[in-house]
1. Please go through segment 371-402 and pick out each residue that is outside any loop (DSSP other than H, G, I, E, B) and farther than 19 Å from residue 477 by Cβ.
2. How many residues are surrounded by 15 or more Cβ atoms within 10 Å (Cβ to Cβ) and farther than 18 Å from residue 30 by Cα when one looks only at segment 41-71?
3. If I ask for residues that are more than 30 Å from residue 230 (Cα to Cα) and either over 50 Å from the mean Cα position of the chain (by Cα) or open to solvent by 60 Å² or more (accessible area, probe 1.4 Å) (or both), which ones from segment 78-133 would you list?
4. Every residue in segment 189-216 that is of a type in the set (Val, Ile, Thr) and touching a residue at least 24 places away in the same chain (Cβ under 8 Å), please.
5. Which one of the conditions (1) open to solvent by less than 70 Å² (accessible area, probe 1.4 Å); (2) under 20 Å from residue 10 (Cα atoms) does residue 351 fail to meet, given that it meets all the rest?
6. Collect the residues in segment 326-370 that are within 14 Å of the chain's Cα centre (by Cα) and in a loop (DSSP other than H, G, I, E, B), keeping them in residue-number order.
7. For segment 11-37, which positions are of a type in the set (A, V, I, L, M, F, W, C) and either without any contact (Cβ under 8 Å) to a residue 60 or more places away in the chain or surrounded by fewer than 16 Cβ atoms within 10 Å (Cβ to Cβ) (or both)?
8. Go through segment 369-407 and count every residue that is open to solvent by less than 60 Å² (accessible area, probe 1.4 Å) and of a type in the set (Lys, Arg).
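The values are calculated or read from the model by the stated rules, or taken from the named source; none is laboratory data. All figures in this text were calculated on a predicted structure; none of them were measured in a lab. Every residue, glycine as well, gets a Cβ built from its backbone with ideal geometry; the counts of neighbours run over all protein chains shown. Heavy atoms of the whole protein, side chains included, go into the accessibility calculation; ligands, DNA and RNA do not. Shrake-Rupley method; radii C 1.70, N 1.55, O 1.52, S 1.80 Å.
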Amino acid sequence: MTKNEITSLIPEFLINSETYSLVIINLEGFYVYVNPLFEKQFSFVCDNFIGQSSLIAIYFEDHDKCLKAIQQCFAQPNKPIKVYLRKPASNDQDFYWTEWEFSILKDQNQQPIGIICLGHDITETERANQKAKEFAAKVEKIIEEITDGFYVLNRKWEFVKINKVAEQILEIPREKLLGCKIWDLFPDTPDYNYPAAYRRAMDEYLIVTFEDYLADVDKWFSTVCYPSPEGLTIFFKDITQEKKTQEALKFSEIKLRAILDSTNDSNILISPDYKILSFNRRASEISQLALGKPLKELADMWAYVLPHDAEDFYRDTQKALNGEYLKFEREIHFEHFSLWFEIGYFSVHDSEGKMLGFTFNSTNIDQRKKKEIKLEESKIRMNKTLEAIPHPFIIVNEQMSITHVNSEFEKVFGYTEQEVINKKMDFLIPERYQNEYTQHQNQYLQTNGKLLRKFSENILALTKSKQEINITANLNTFTVGGEKFAIVILQDITEFKKREETILKQNETLKQIAWQQSHEVRRPVASILGLINIIKTDKTFTQEEKEQCLTYLFQATQELDTIIHKIVAQTNANEHIVNR
């Protein structure tokens with residue numbers, strides 16, 4: 001375990017505590033972490049405790065006691081073990097008295113990886129006790145000055161001494177306590193630890209350390225019993241806040257681990273030198289699935305980076321180590337498959353701003369990303385298909401608002417797609433035809449406002465340059481994601497309409513020519529034929545009558561010539577209409 005890893009898991013108040021020493025030793029009995037208070041207090045022992053035997057800072061006569069406490073930790077791995085140890089002082093003839101709580105330190109698989117030791121200096125209390133024995137005259141003063149609760153029981157279990165702190169904690173004046181048996185005032189029951197602990201200390205003549213919770217006052221107490229020929233000397237103190245702190249720390253660790261392990265996101269904390277400091281269950285599962293091996297704390301992260309991703313990984317993580325926050329999507333190619341992930345990198349600092357490393361967070365977005373890719377490919381195919389249509393078209397939603405146009409639309413009408421998106425289709429209709437268009441629009445909209453399946457209509461439209469053109473609009477509907485749209489193909493039929501009008505005019509002219517041929521030409525022709533027949537058959541005509549008939553014949557011929565010229569002129573005009 002690295003120091004960075006340890007300090008990231010330990011509350012700041014324990015690291016910087018001026019009361020409690022915090023020590024972590026590994027399974028071989030060597031220091032792997034000590035907090036500043038311990039390091040400062042015992043700096044005379046050695047310059048650097050890390051890697052040193054944990055016994056170097058324990059008074060040699062208490063080595064066996066320390067080892068037994070460690071054995072008890074393994075025998076009862078879920079229970080903290082209290083132990084009372086003497087520590088060497090700078091003066092070889094002296095030592096410090098300390099009280100410790102040993103607990104098993106476990107990894108994420110609940111396997112023991114060391115011992116975590118939380119302790120505090122009780123030298124003042126111990127020395128006060130020694131002085132009380134050695135200097136009887138000063139006993140009362142010393143007892144009253146110590147910060148722990150203190151009382152003495154004789155062999156009859158009667159209170160013979162008590163300090164004011166004990167009075168305050170027990171909430172009973174010393175006048176009522178002195179001379180009374182403890183069992184008359186406090187329950188002699190197995191529900192509490194103190195009855196058995198007191199008897200053990202008295203009977204076996206042992207120093208006994210224990211903790212007790214008093215439910216009636218909702219408080220925790222730490223107690224040390226010192227036997228003597230006269231009875232028991234007992235020191236105790238309220239450790240309720242300490243216990244609450246320990247429980248809060250334990251609960252926070254459990255809650256944090258539960259949160260990290262319950263998410264589908266993969267989270268890995270990596271040191272600046274690319275060592276894996278911690279990870280959640282999902283991260284290890286992905287590593288097992290993709291690489292065939294689970295993650296391990298303190299392992300080299302490069303062992304879990306695929307060779308073809310190494311360059312990108314180094315570049316991105318260096319940015320994170322420089323304080324840059326990165327978040328992006330990337331497809332990771334494994335040996336037999338690939339997955340899309342949303343990846344995030346950001347640096348992690350302690351409360352003092354010192355960088356601990358960076359996190360590598362990833363979320364599996366493979367299903368969503370592949371759907372997006374398929375949708376995009378579908379859109380591309382649709383756009384290619386639509387752009388292949390040789391006529392301008394628009395796509396409208398059920399509110400008749402334009403959602404898309406093709407390039408042919410811009411060529412014919414002059415509008416770009418950006419200019420018409422979200423506009424109603426009726427902006428293409430000349431103002432004088434708006435009412436008529438509205439009536440037509442209602443015909444191809446159902447009463448509930450939804451588009452008809454199919455519709456075709458000839459309408460007059462207006463280009464961007466205000467030119468009116470005739471178009472035919474063919475409407476067909478389609479559905480995307482439950483929403484209905486319509487593609488309206490607009491075919492310019494202006495030239496067709498002009499040719500149609502020309503043909504109609506030509507037909508009218510031809511009708512007039514046919515009428516002239518069938519009516520006006522017949523009259524002078526009939527006159528000519530009749531006069532010729534009279535001249536030819538009537539032998540009695542005088543010369544004067546013949547000349548009169550020739551005059552009539554000449555007039556009929558002139559009339560016929562005029563009619564023929566008129567027909568020729570009309571014919572020429574009709575050819576001009578056709579050619580136009």
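1. 371, 372, 373, 374, 375, 376, 377, 380, 381, 384, 387
2. Residues meeting the conditions: 1.
3. Listed by number, the residues that qualify are 78, 79, 89, 90, 91, 92, 106, 108, 109, 110, 111.
4. Narrowing segment 189-216 to residues of a type in the set (Val, Ile, Thr): 189, 207-209.
207, 209, listed by residue number.
5. Residue 351 satisfies all of (1) open to solvent by less than 70 Å² (accessible area, probe 1.4 Å); (2) under 20 Å from residue 10 (Cα atoms) except (1).
6. Within segment 326-370, just 365 meets the criteria.
7. Of everything in segment 11-37, those that are of a type in the set (A, V, I, L, M, F, W, C) and either without any contact (Cβ under 8 Å) to a residue 60 or more places away in the chain or surrounded by fewer than 16 Cβ atoms within 10 Å (Cβ to Cβ) (or both) turn out to be 13, 15, 27, 30, 34, 37.
8. Number of matching residues: 1.
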